[in-house]
Amino acid sequence: MSDEILHLLIIILSAGLMVCSPVSALSGDQNLTAVWETLQNSTYVDLTHTFEPGIPHWKGAPDERVETLYSYEPGNGTLGSGFYMQDYSHVGQWGTHVDPPAHFIKGLRTLDQISPKEMILPLVVIDIHQKVQKNPDYVVSMDDIRAWEQNHGKTPNGSFVAIRTDWSKRWPDQDAMQNLDQNGTAHYPGWSQEVLTYLYEQCNITASGHETTDTDPGLVVSRDEYPLETYILSKDKYQVELLTNLDQVPESGALVVVSFPKPRDGSGFPARVFAIYPAPKGTVTDNH
C-alpha cells in the first residue's frame with residue numbers, strides 16, 4: 001500500500017464516509033470497494049489477549065465463570081446434531097477491554113454512546129520498552145513523545161496513542177503482571193500527567209491504550225489511587241487496557257480498529273482490537 005493510498009484510507013475512514021445516505025449504488029470517490037481491496041493486501045495484527053477464567057485482572061473483580069448450557073450429541077459434531085451454547089459471567093473490565101468515560105465519571109458517556117467513527121483511528125505507538133526493562137516503574141515522558149514526533153511528525157489529531165512496554169509478554173501470569181515487592185507494592189510502568197495533558201488537550205487524540213492492567217503506574221495504584229485514568233475519562237474519551245503484540249506494529253502509519261459490544265449503559269466490556277498496516281513490497285501478508 002502506498003503512502004498516498006494509506007493517507008486516503010485514513011481520511012475516508014476517519015471522516016465516516018462508510019455511513020452514507022441510502023442509495024442504490026455509489027460511484028467515483030464515494031465507492032469504498034477499492035479501499036476494501038487494498039485492506040485485503042495489508043497486514044493485520046491482533047492486539048487482543050484471549051480471555052478465560054484465571055487471567056490477570058483487577059484485584060476487586062471476581063474470576064470469570066463459564067458454563068456450557070447446550071452441547072452437541074456425544075461423539076457427534078455433524079450437521080443436525082444439536083448446537084453449542086455457553087453462559088459467560090465476568091465483569092466488564094475483563095481481559096483486553098474498553099473503559100468508557102462513565103466507568104469513572106458519573107453522567108458521561110457509556111459504551112453504547114461511543115460512536116463507530118471513534119473505533120477506526122490512526123495508530124501511534126510510543127516505544128518505551130527498553131526503558132521499562134531497566135526500570136519497571138518508568139512512566140512515559142515528554143522526551144519520549146518529542147522523540148516520536150521528531151521521527152514521524154506531530155501526533156495526529158483524532159488518533160489512538162498506545163505505549164509499548166512489552167509488559168504483555170508477562171501474560172497470563174498474574175504475579176508477573178503485578179510485580180509486587182515484599183511489601184505488597186506493585187511495580188509496573190504507566191502514563192504520566194504531562195504526556196496525557198499534551199495528547200488530549202493539544203493533539204486532541206480520540207483514545208489511548210496500554211499493556212498493563214492500569215493507566216497509572218503500579219506505585220500509584222498500590223495506594224488505590226487512579227488519577228490518570230480519572231483524567232482521561234473526565235475528558236469524555238475512552239481507553240483500552242491490556243493490549244498485546246504492540247511490538248509487531250510500526251510506530252506510525254497503521255490503523256487501529258477497536259470493536260466491542262453495545263450494552264445499554266455499559267460501564268466497560270472486553271474488546272477486540274487489531275491493527276492494519278501496509279505489507280512490505282514483495283511479501284505475503286500474515287494475518288495474526
TODO: With respect to residue 273, determine if the residue is under 18 Å from residue 94 (Cβ atoms), within 15 Å of the chain's Cα centre (by Cα), in contact (Cβ under 8 Å) with a residue 12 or more places away in the chain and in the same structural domain as residue 115 (by TED's automatic domain parsing).
DONE: yes
Task: Test result for residue 229, in the same structural domain as residue 182 (by TED's automatic domain parsing) and in contact (Cβ under 8 Å) with a residue 12 or more places away in the chain - done: yes
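For (1) touching a strand residue (DSSP E or B) at 6+ places or on another chain (Cβ under 7 Å); (2) surrounded by 15 or more Cβ atoms within 10 Å (Cβ to Cβ); (3) of a type in the set (A, V, I, L, M), each residue gets a yes or a no:
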| position | (1), (2), (3) |
| --- | --- |
| 143 | no, no, no |
| 164 | yes, yes, no |
| 171 | no, yes, no |
| 193 | no, no, no |
| 202 | no, no, no |
| 205 | yes, yes, yes |
| 208 | yes, yes, no |
| 215 | yes, yes, no |
| 224 | no, no, no |
Open item on the list: So if I check each of 149, 118, which one is without any contact (Cβ under 8 Å) to a residue 24 or more places away in the chain, among the acidic types (Asp, Glu) and either on the phi < 0 side of the Ramachandran plot or not assigned by TED's automatic domain parsing to the domain that holds residue 262 (or both)?
Closed with: 149
Task: Qualifying residue in the range 21-30 (condition: surrounded by fewer than 11 Cβ atoms within 10 Å (Cβ to Cβ), at pLDDT 95 or above, farther than 30 Å from residue 234 by Cβ and not acidic (Asp, Glu)) - done: no
TODO: Can you confirm whether the range 68-81 contains a residue that is at pLDDT below 95 and either closer than 30 Å to residue 180 by Cβ or of a type in the set (A, V, I, L, M, F, W, C) (or both)?
DONE: yes
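The values are calculated or read from the model by the stated rules, or taken from the named source; none is laboratory data. Treat the numbers as computed from the prediction; the structure is a model and nothing was measured. Glycine also receives a Cβ, built like all others from the backbone with ideal geometry; neighbour counts cover every protein chain displayed.
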